[in-house]
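Derivation of every value follows stated rules applied to the coordinates shown; laboratory data play no part. Just so it is clear, the model here is predicted, and its values are computed rather than measured. Every residue, glycine among them, receives a Cβ derived from its backbone with ideal geometry; neighbour counts consider all protein chains shown.
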Amino acid sequence: MSVNGTFHQRLIEALRALIREGDFTPGSQFLTEREIAERFNTSRPTANKALSSLVSQGLLEVRRGAGTFVRECVLDYDLERLVSFTDKARAAGKKPGTALLEYRKLSASGAPPAVALSLKVRPEEPLIYMARIRLADGKPVIYERRHVVAGLCPKMTRTDARGSLYCCWTEKCGLEISGAEEVIHAVNAGKAEAAHLQIPVGTACFEIVATGFTNGEMPLWHETTLYRADVYEFRNRISGLTASHSAMGRIKG
């Protein structure tokens, strides 16, 4: 890495520390380009580059005509791996909570056909259905409806549904979770969803329909989950193109 590159990274980390250590609270105005240049004895273009990096990382936001501000804490949805909501909320400095709306057992024949198909269960096989609201600092941020194959986690109880299911499945039930297949939609909250999430009807949300698997690709759960778009953002790192891919792109036009 070049000397300039090394300084740039140090400058970003110094600015991150100001946010992390509470010098600038969420919602407050951050240092300007000029103030950064003077404070850290650097050029304004370098200061601007560092600010842009923090904006792209989601730590700062630019408000047109007002300046750069520290972003209110948001929750990231990791597109690369399964992460417990409980862990994510705590990592964001928020207190996680769960409101269990419904928990009952039913046969697969009583579930929607798409659910039974995804879980690859026979009509007589028992499932557990639960509806939950996930809370961050008491604020509803996720509305979740989930069917679980009961035979794979016989130790799971209603009490477990009020906490981290991943923790219950891996620690209490001894399961290994291999991953999940997800489809993400942009939707508008209907009347029932809006009431559960305490948002106006028609508010933009992310809807994820997912099937999760244990090792051996055995389906364990199917869920339809609604995420508040004003609280959640989806982040991912996309790999670049190789020379061969770039050539193919040019050939295809």
Q: With a/c under 1.5 counting as rounded, go ahead and sort the chain into rounded, prolate or oblate using the C-alpha gyration tensor (a ≥ b ≥ c being the square roots of the eigenvalues; past the cut-off, prolate if a/b is larger than b/c, else oblate).
A: prolate
Q: Give me the number: length gained by fully extending ALA66 to ASP23, i.e. 0.36 nm times residue separation minus the C-alpha to C-alpha distance, one decimal in nm.
A: 13.5 nm
Q. In nm, what is the difference between 0.36 nm times the number of residues separating VAL55 and THR157 and their Cα-Cα distance?
A. 32.4 nm
Q. So what is the relative contact order for the chain, in percent, with contacts set as C-alpha pairs under 8 Å and at least six apart?
A. 15
(Q) Explain nothing, just the number: relative contact order of region 3-70, from Cα pairs under 8 Å at least 6 residues apart, as a whole percent. (A) 36
Q: Rank these for me by crowding, GLU35, GLU124, going from fewest to most other beta carbons within 10 Å.
A: GLU124, GLU35
Q: Please give the contour-minus-distance gain from LYS139 to ASN236: 0.36 nm per residue of separation, less the Cα-Cα distance, rounded to one decimal in nm.
A: 32.4 nm
Q. Using the beta-carbon distance between SER84 and ASN215 and R0 = 22 Å, what value does 1/(1 + (r/R0)^6) give for FRET efficiency, to the nearest 0.05?
A. 0.75
Q. From largest to smallest, what semi-axes in whole angstrom does region 1-83 give when each is the square root of 5 times an eigenvalue of its alpha carbon gyration tensor?
A. 22, 18, 11
Q: Determine which lysines satisfy two conditions relative to LYS155: a Cα distance under 26 Å, and not lying fewer than 8 residues away in the same chain.
A: LYS88, LYS105, LYS120, LYS172
Q) Residue by residue, what Karplus-based ³J(HN,Hα) values in Hz, rounded to whole numbers, does region 23-31 have, using 6.51, -1.76 and 1.60 with θ = phi - 60° and x for Gly and Pro? A) 5, 10, 7, x, x, 8, 6, 9, 4
Q: Please report SER84, SER239, SER28 as a ranked list, fewest other C-beta atoms within 10 angstrom at the top and most at the bottom.
A: SER239, SER28, SER84
Q) For the modelled label position 7 Å from the Cα of LYS105 along Cα-to-Cβ, which residues of region 153-168 have backbone nitrogen atoms closer than 16 Å? A) 153-161
(Q) Over the chain, with a Gaussian network built from C-alpha contacts below 10 Å, which listed residue (ARG145, ARG34, ARG235) shows the highest mean-square fluctuation? (A) ARG34
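With r defined as the distance between the Cβ atoms of ALA195 and ARG122 and R0 fixed at 45 Å, what FRET efficiency is calculated, to the nearest 0.05?
On the way: r = 35 Å, r/R0 = 0.79.
Efficiency computed from Cβ-Cβ geometry: 0.80.
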